[in-house]
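So the structure is just underneath, and the comments pick up after that.
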Amino acid sequence: MTNSETKATLSFSDGSPSLDMPIYKGSVGPDVIDIRKLYGATGMFTYDPGFMSTAACNSSITYIDGDKGELLYRGYPIEQLAVNGGDFLETCYLLLNGELPNAAEKEKFVATVTNHTMVHEQMQFFFRGFRRDAHPMSVLVGTVGALASFYHDSLDINDPHHREVSAIRLIAKMPTLVAMAYKYSIGQPFVYPRNDLSYSANFMHMMFSTPCAEYKVNDVLVRALDRILILHADHEQNASTSTVRLAGSSGANPFACIAAGIACLWGPAHGGANEAALDMLESIGSVDNIPEFIAQVKDKNSGVKLMGFGHRVYKNYDPRAKLMRETCYEVLNELGLQDDPLFKLAMALEKIALEDEYFVSRKLYPNVDFYSGIVQRALGIPTSLFTGIFALARTVGWIAQWKEMISDPEQKIGRPRQLFVGSPTRTVPPIDKR
Ligand code: CMC
């Protein structure tokens, strides 16, 4: 970072000398104050649990303006990418390489990804070690981590070609692993990928074909899945992406780092929210029960949250939620499910919450997960796999951010500090004196 023209001066009321710290400007968004010299100069750390005011890296991949409700991948608004930006693999290319592909670049990229969709035949034995009722996220944490033991030829993180090959392998094999997790859970045989299908159509094929009946590709449903993937592809320095970066900062291999990201994504405050939102709608059951549910949400002692609402960064409507609501209409119309009771319930709940003072004053709006569960359910995806689909989509974002970090000359092992509030040094007493 060399663009500092201004400085912040920190002065102390205890008479310690004041300290100048450089201020850097981003291309858009808030400036940052470089506090790296603070500890050396003052012996003090900063305190910022939850990273409320801390930028942990510089990045040129994804930008969110939470007040405007804007999400950009490499400068392109998510609305344009979702509507006119081609398919998910174009978004993958954009996130990885910084530019949208031209026709020749796209053809080459699609061919490369497609040629890596199979997993090593030995992988099936990892699946068979799991209980059939294992949560798919637990299966994915294990099997994605296990990929590292198969691809020793692409684990040198200091070799740009190895990094590229690992990136392609992860993007190509995630749909295969997610579909295998599903097939295993329902006791059906694994279905091999088909390289004549698009990325999303092939995923539907691996999910829904059986040896007795081939899945018939429906373009509307494939487009809906593609949109889910595009909308979830990256989201700057969220919890799972920061986990991937932190794991990668120690030099861990990319498969291990993505497995760490999947583990973090599993939590209900993050990727697990789509599953939790659908469970919530099912437990509310009918529009008549909404007032009682909203009263529980407002009661701080109940521990009940309106899942699929609120976001650390968006303090305005999540732009992804608007697009997902559109997709919801398209999919339900295509399947003749316009009167789907869960969708009606979701719309009634959204309307009531958006007019309620509790949500308005806290700037709580629906996020992408409020609608993505309804779309996925209509596509035939079971609730427990929703977060697995999120992981599939986010893999490209994680790997793009990991690659960016590895090539950043300022990259260092991540090592937060702490405010220690435990016991100072003391002497171990003999056991009869404790
Ligand atoms: N339902 C009810 N109250 C809420 C909710 C909610 N969903 N979200 C936030 N609040 C309240 C919160 O209790 C607090 O109230 P008060 O000021 O009275 O203490 C206020 O709003 C501020 O919330 P916060 O917890 O300080 O906000 P945060 O930035 O730490 O948390 C969040 C963000 C997403 C974890 C939270 O909004 C939440 O748990 N939402 C539900 C889970 C969810 O839908 N997560 C998906 C996020 S989008 C997909 C992804 O990127 O992973």
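Read-outs: derived from the displayed coordinates by stated rules, not from any lab. Fair warning: this is a prediction, and the values are worked out from it, not measured in the lab. For neighbour counting, all protein chains shown are included, and Cβ atoms are generated from backbone atoms with ideal geometry for every residue, glycine included.
Expressed per residue, the C-alpha convex hull volume of the stretch 351-400 stands at 101 Å³. Net charge near G310: determine it from the other residues with C-beta under 10 Å of the C-beta of G310, scoring Lys and Arg +1 and Asp and Glu -1. Spelling it out: positives minus negatives among the neighbours equals +4.
Convex hull volume of the Cα atoms of the stretch 100-156, normalised per residue: 132 Å³. Could you work out the Rg to Rh ratio of the stretch 1-57, with Rh taken as the Kirkwood radius (inverse of the mean 1/r over all Cα pairs)? A ratio of 0.98.
Relative contact order for the stretch 29-148: 11 percent, from Cα pairs under 8 Å spaced at least 6 residues apart, divided by residue count. Mean residue ellipticity at 222 nm from the helices of the chain, using -39,500 (n - 2.57) per DSSP H segment of n ≥ 4 over the full residue count, to the nearest 500 deg cm²/dmol? Computed mean residue ellipticity for the chain: -15000 deg cm²/dmol. With K and R counted +1 and D and E -1, the other residues having a Cβ less than 9 Å from that of N367 yield a net charge of -1. All other residues whose Cβ lies under 13 angstrom from that of K183 are scored, Lys and Arg at +1 and Asp and Glu at -1, for a net of +2. Radius of gyration over Kirkwood radius for the stretch 1-154, both on Cα atoms: the Rg/Rh ratio is 1.12. Taking the C-alpha atoms only, the angle from helix 273-284 to the longest principal axis of the chain is near 60 degrees. For the stretch 187-340, the fraction of C-alpha pairs more than 20 angstrom apart is 67%.
Residue ranges 370-376, 193-199, 223-229 sort as 370-376, 223-229, 193-199 when ordered by packing (mean number of other C-beta atoms within 10 Å per residue, highest first). The per residue volume of the convex hull around the alpha-carbon atoms of the stretch 42-124 is 206 Å³.
Peptide packing: for 4-16, 167-179, 377-389, the average count of neighbouring Cβ atoms within 10 Å per residue gives the ranking 167-179, 377-389, 4-16, highest mean first. Any idea how far the Cα center of the stretch 288-327 sits from the one of the stretch 33-80, in Å? Going from one Cα centre to the other spans 25 Å. Across the chain, Cα pairs under 8 Å and at least six residues apart give a relative contact order of 19 percent.
Report P(r) for the stretch 327-434: all Cα-Cα distances, bin width 5 Å, range 0 to the bin holding the largest distance, values in whole percent. With a bin width of 5 Å, the distribution comes to 2, 8, 11, 11, 10, 10, 10, 8, 8, 7, 6, 4, 3, 1, 1. Between 0 and 90 degrees, the angle of helix 319-334 with respect to the longest Cα principal axis of the chain falls at about 10 degrees. Each residue of the stretch 193-208 was assigned a 3J(HN,Hα) from its phi angle through the Karplus curve 6.51 cos²θ - 1.76 cosθ + 1.60 (θ = phi - 60°); the sequence is x, 10, 7, 8, 9, 5, 4, 6, 5, 5, 5, 4, 4, 5, 6, 10 Hz, with glycine and proline shown as x.
So what are the chain's ellipsoid semi-axes, whole angstrom, largest first, if each one is the square root of 5 times an eigenvalue of the alpha-carbon gyration tensor? Show your work: numbers first, answer last.
Values: eigenvalues 271, 167, 118 Å².
Square roots of five times the eigenvalues give 37, 29, 24 Å.
As a ratio to 2.2 N^0.38 Å, the alpha-carbon radius of gyration computed for the stretch 153-205 takes the value 1.39.
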